[in-house]
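Working notes, beginning with the structure itself.
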Amino acid sequence: MTTKPAAAAARATVYGYPRQGQDRQLKKAVEGYWKGRVDADALRTTAADLRRTNWNQLAEAGVDEVPTGDFSYYDHVLDTTVMVGAIPERHRDAVAADPLDGYFAMARGTQEVAPLEMTKWFDTNYHYLVPELGPETEFAADPAKQVAELKEALALGLTARPVLVGPVTYLLLAKPAPGVAADFEPLTLLDRLLPVYAQVLAELRAAGAEWVQLDEPALVQDRTPAELNAATRAYRDLGGLTDRPKLLVASYFDRLGDALPVLAKAPVEGLALDFTEAAAANLDALAAVGGLPGKRLVAGVVNGRNIWVNDLGASLSTLGTLLGLADRVDVAASCSLLHVPLDAAVERDIEPQILRWLAFARQKTAEIVTLAKGLRHGTDAVSAELAANRADLASRASSPITRDPAVRARAAAVTDSDARRSQPYAERTAAQRAHLGLPLLPTTTIGSFPQTGELRTARAALRAGRIDTAGYEERIRAEIQEVVSFQEKTGIDVLVHGEPERNDMVQYFAEQLTGYLATRHGWVQSYGTRYVRPPVLAGDISRPEPMTVRWTTYAQSLTDRPVKGMLTGPVTMLAWSFVRDDQPLGETARQVALALRDEVNDLEAAGTSVIQVDEPALRETLPLREADRAGYLAWATEAFRLTTAGVRPDTQIHTHMCYAEFGDIVQAIDDLDADVISLEAARSHMQVARELAAHGYPREAGPGVYDIHSPRVPSTQEAAQLLRTGLEAIPAERLWVNPDCGLKTRGWPETRASLENLVTAARTVRAEL
Ligand code: GLN
Ligand code: ZN
């Protein structure tokens, strides 16, 4: 295949880059500033150094146009809130007194004022701060950060393009401010917001911007005609301005769908589209509108949120097709590279051959540059890169890591009945009741107990070789003893071992499963200064040996009460990892489910009567578009059932999810066919209990009565009152008593007091039945 050189010279660009620096300098500087160890000037210097390093890195790699304004001390949506002057009332004094401290007050709260709410950025694991707006909101342009960062890049002699959150997405991501009617729609503020964007655009132009990028990822979600109309109006107005740079409207994370014709017709100069997962849909839609004559198309052909090497040949052929559909085609990642780690080349623990399958931000940048070069000069100009890429892809496809015949044969042999328990729920409950002999309103916890500094120190000592495995495990056993004896003394009915051996609920299992890789430096921003290092689900998954059985059985050996086995479910194992892209997710989930199924069965064989499989990620992984949800839920629920269906009828399966809003997936939760579910409910006064009842959810449930996100100890009366409220929705035979979530982030003193109150509350309410 040979691609002819493009008419207009294709350029390489990205929308954003990891902010933290190779050694997470940004985290250290910002946290140092909070602690008073780093002053504001030093923080600003660190930030400016990081920006310069990133830009230089991009330019040296051959990127023609670098992004600016994507840098953030905390979050780019919060930066947008500052840019449009939408500072919430309660933070105005702090921002006026000191903009930097006020900024962090909005992000983190202070003794006196609550922070902005934080929520997930689309279906990524990045969290943004939710703008709070109301009918009284008055916007005012504050382009200082954007202008300053553009000037920094221009001063380096680079071609730079400011990247802003677009006005429609900004409003669609906002929520009504406290005190504003819950049905207030922030989008009604569009006419007030557009003049502010107009002013920002004018100032960026004056500062030297030829192009400005406006990110509108909210347009890849299902949108009402009114919302699409708002987008039409927004870009007609902004496009109609005379004093403005050229506008590139960017979409990512999915297909544009109905919004594509809207943006194609808008008087803007460019569109950026995702041609990774959404490639086919976006290509068809683009062809259907007759392409983008006269416009610049930025093609996101390199996956910006996964870590696999690109198929350069396939991308070049997509780009070749696109050449016929726009005036000019540029090459980019599908979204900001914020969602991937910085540099795979620094990884030392991964075999060199396997490392070649991975592409983090630096490697992705090189891919983009290669693709732009191929598009500009024809494939012959990049033949060496293409050959090396083909070899890497071939090595990945044929590796025993990605192709384990035993795992494949087992997954292929799965039948529907493997994912069905031998008896329906209604019949199992009687057997479980007889087997477990629990009181009404049984008490339990979600799994983890406080992860003390001592435990973390012991883990670090083990890693550093200061203590040996035997010494470490002795420490873990002592902790389990303490946790079990506390629960017995307190009178909890179904005990846990406390998860002291787990560094993280996904990583712990990933380290023990074959097919997962761990990185040493693969940090990705989760929110603010919090970074996670997701494991890489690289190959076929198998479980060489039991992972949790000895800890659970050890705990069980210490007590006559049932000890609950504790596992992370298959959907969450995928959601909080980088997953392979060379097979459907459902297939990967099935492999993980089979490995976990063996663990579940081994726990049962070792005498465990209650086993909890946590799926906190079930809802957050829900596809952005409604049309894709049924397919996702089908494989997700099947994977859960495959994990759990191999047990006897009298073994009780629990699951746990950490959120309060899930009305839209009650059916899916029922389809898990678990016996008991625990959920977050304390803050919403048992709202979930009412929702479950409203949907006729037939199973046992434990809506949390203890908000574990705060060190506050709930009183007995308070917990009892929540239980009484719960009983109005869920009958006593099906109501469990538990906290909202695990206790790993809590200290022992408040955990002790809270659980004692929880048990007393359960006893009090039992006596009223
Ligand atoms: N079992 C886990 C724990 O208790 C569940 C954590 C979670 O739901 N995120 O920590
Ligand atoms: Zn939870």
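The values are calculated or read from the model by the stated rules, or taken from the named source; none is laboratory data. Computed from a predicted structure; not experimentally measured. Every residue, glycine as well, gets a Cβ built from its backbone with ideal geometry; the counts of neighbours run over all protein chains shown.
For the reader, a short list of remarks on this structure follows.
- Considering (1) over 17 Å from Thr444 (Cβ atoms); (2) more than 16 Å from ligand 1 (Cβ to nearest atom), the lone condition that His709 does not fulfil carries the number (2).
- Among residues of the stretch 654-673 being within 14 Å of ligand 1 (Cβ to nearest atom) and either under 26 Å from Leu438 (Cα atoms) or not aromatic (Phe, Trp, Tyr) (or both), the one that is modelled with the lowest pLDDT is Ala660.
- Of the residues making up the stretch 653-678, those that are in contact (Cβ under 8 Å) with a residue 60 or more places away in the chain and within 16 Å of ligand 2 (Cβ to nearest atom) are His654, Thr655, His656, Cys658, Ala674, Val676, Ser678.
- For the stretch 202-257, the set of residues classified as among the basic types (Lys, Arg) and not in a strand (DSSP E or B) consists of Arg205, Arg223, Arg233, Arg236, Arg244, Arg255, listed by residue number.
- Wholly within the stretch 19-83, helices (runs of 4 or more DSSP H) carrying at least 1 residues that are out of contact with any Lys or Arg (no Cβ under 8 Å at 6 or more places or on another chain) and surrounded by fewer than 20 Cβ atoms within 10 Å (Cβ to Cβ): 25-34, 40-61
- Verdict on Ala202 being in contact (Cβ under 8 Å) with a residue 12 or more places away in the chain, in contact with a Lys or Arg (Cβ under 7 Å, 6 or more places away or on another chain) and within 30 Å of Glu152 (Cβ to Cβ): yes
- Picking from residues in the stretch 455-476 that are surrounded by 12 or more Cβ atoms within 10 Å (Cβ to Cβ), over 28 Å from Val737 (Cβ atoms) and within 33 Å of the chain's Cα centre (by Cα), the one that is nearest to ligand 1 (Cβ to nearest atom) is Arg459.
- Qualifying residue in the stretch 736-754 (condition: without any contact (Cβ under 8 Å) to a residue 40 or more places away in the chain, surrounded by fewer than 16 Cβ atoms within 10 Å (Cβ to Cβ) and within 16 Å of ligand 2 (Cβ to nearest atom)): no
- Only one entry in Gly702, Gly726 is within 16 Å of ligand 1 (Cβ to nearest atom), outside any loop (DSSP other than H, G, I, E, B) and either at pLDDT 95 or above or over 29 Å from Tyr632 (Cα atoms) (or both), namely Gly702.
- Across the stretch 560-617, the qualifying residues are those that are within 16 Å of ligand 2 (Cβ to nearest atom) and acidic (Asp, Glu), and the one among them that is nearest to the chain's Cα centre (by Cα) is Glu615.
- Among (1) touching a Gly at 6+ places or on another chain (Cβ under 8 Å); (2) within 16 Å of ligand 2 (Cβ to nearest atom), the one test that Arg502 misses: (1)
- Of the numbered criteria (1) in contact (Cβ under 8 Å) with a residue 60 or more places away in the chain; (2) within 16 Å of ligand 2 (Cβ to nearest atom), the one Ala682 fails is (1).
- Cross-chain or 6+ apart pairs with Cβ under 6 Å, the stretch 499-516 first and on the phi < 0 side of the Ramachandran plot, then among the small types (Gly, Ala, Ser) and surrounded by fewer than 21 Cβ atoms within 10 Å (Cβ to Cβ): Thr514/Ser542
- Residue satisfying all of: in the stretch 215-254; of a type in the set (D, E, K, R) and farther than 18 Å from Leu187 by Cα; surrounded by the fewest Cβ atoms within 10 Å (Cβ to Cβ) among these: Asp243
- Residue list for the stretch 587-633, restricted to those being in contact with a Leu (Cβ under 8 Å, 6 or more places away or on another chain), within 16 Å of ligand 1 (Cβ to nearest atom) and of a type in the set (Ser, Thr, Tyr): Thr621
- In the stretch 595-617, the residues that are closer than 11 Å to Leu567 by Cα form Cβ pairs under 6 Å with partners that are away from ligand 1 (no atom under 12 Å from the Cβ) and part of a loop (DSSP other than H, G, I, E, B), at six or more places apart or across chains, as follows: Arg597/Gly646; Glu599/Met547.
- Some residue of the stretch 741-749 being within 16 Å of ligand 1 (Cβ to nearest atom), under 22 Å from Gly447 (Cβ atoms) and part of a helix (DSSP H, G or I): yes
- Inside the stretch 432-470, residues that are within 16 Å of ligand 2 (Cβ to nearest atom) and in a strand (DSSP E or B) make up a count of 2.
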